[in-house]
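Worksheet for the structure shown next.
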């Protein structure tokens, strides 16, 4: 397939990182109103309801029944992609900033490379390793807040570590997703394919939320802002971003998509400054350059 980046495709690929950055901002804004695991459960429950009119047909036995016969696959995808990644991201936002969270997440290709090598027997070239080291250096700049002394003292914010865990979970999700085991009726429909994952992901999220309310005292504060935030994270970053990303990558290719994905920290910095008063620092720019530089280096043929 010949991939081509047109203005309309560029717009499609720009919308997801903007929505993902907004997801980090809203997660930070709601941290005192909704517990993180519960926020993730509410988000994906709403998304499941919105997807129901589009994907309900795969629930029928005469539609092939893949969502039931391959329940282990979709349960694992739901665990890593919906349950763990998003829950850990909202948990990270309790102690870390949206800028830091999105910058740590920008190191995703590094973890994908390592997970692929260790668990899926995918070879790693010297150039990819060099690019990985450069990107890791960028992540370390974020973790130490631009102060190398903090690395020696291992003074890390818990949220940054939670976000590293989230990126590792997403790496497993991506590699499992790439295994060609889905029937045509699911792969042909973005809404049905997403619905299958979200259905099982909501069950995992419910389990995590139940543990959250059992282990530690939790509370919720309902108001118009909370309802608006829930509507945004359920429809924007989850459904709209997924659809735009799939359509954009089909037209421009995954390599171009990777570059657009790294707009997320930039959008997060702009939105943080506008809505949270958390201005970016010089080390954020240096980290961004190192992470993107590592990805560019490792992706060259």
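Taking (1) modelled with pLDDT of 75 or more; (2) under 18 Å from the mean Cα position of the chain (by Cα); (3) part of a helix (DSSP H, G or I) in turn, residue 129 satisfies each apart from (2). Go through the residues of region 211-225 one by one and say whether even a single one is touching a helix residue (DSSP H, G or I) at 6+ places or on another chain (Cβ under 6 Å) and modelled with pLDDT of 80 or more. Within region 211-225, one or more residues are touching a helix residue (DSSP H, G or I) at 6+ places or on another chain (Cβ under 6 Å) and modelled with pLDDT of 80 or more. Surrounded by fewer than 17 Cβ atoms within 10 Å (Cβ to Cβ) and within 22 Å of residue 262 (Cα to Cα): is that true of residue 57 in this structure? So residue 57 does not fit the description; no. When you look at residue 242, is it crowded, with 22+ Cβ neighbours inside 10 Å and either modelled with pLDDT under 95 or out of contact with any helix residue (DSSP H, G or I) (no Cβ under 6 Å at 6 or more places or on another chain) (or both), yes or no? Answer is no for this residue.
Within the set 41, 48, the sole residue that is in contact with a helix residue (DSSP H, G or I) (Cβ under 7 Å, 6 or more places away or on another chain), in contact (Cβ under 8 Å) with a residue 60 or more places away in the chain, part of a helix (DSSP H, G or I) and buried (at least 24 other Cβ atoms within 10 Å of the Cβ) turns out to be 41.
The values are calculated or read from the model by the stated rules, or taken from the named source; none is laboratory data. Being a predicted model, the structure only gives us computed values, none of them experimental. In this analysis, Cβ positions are derived from the backbone assuming ideal geometry, glycine residues included, and neighbour counts consider all displayed protein chains.
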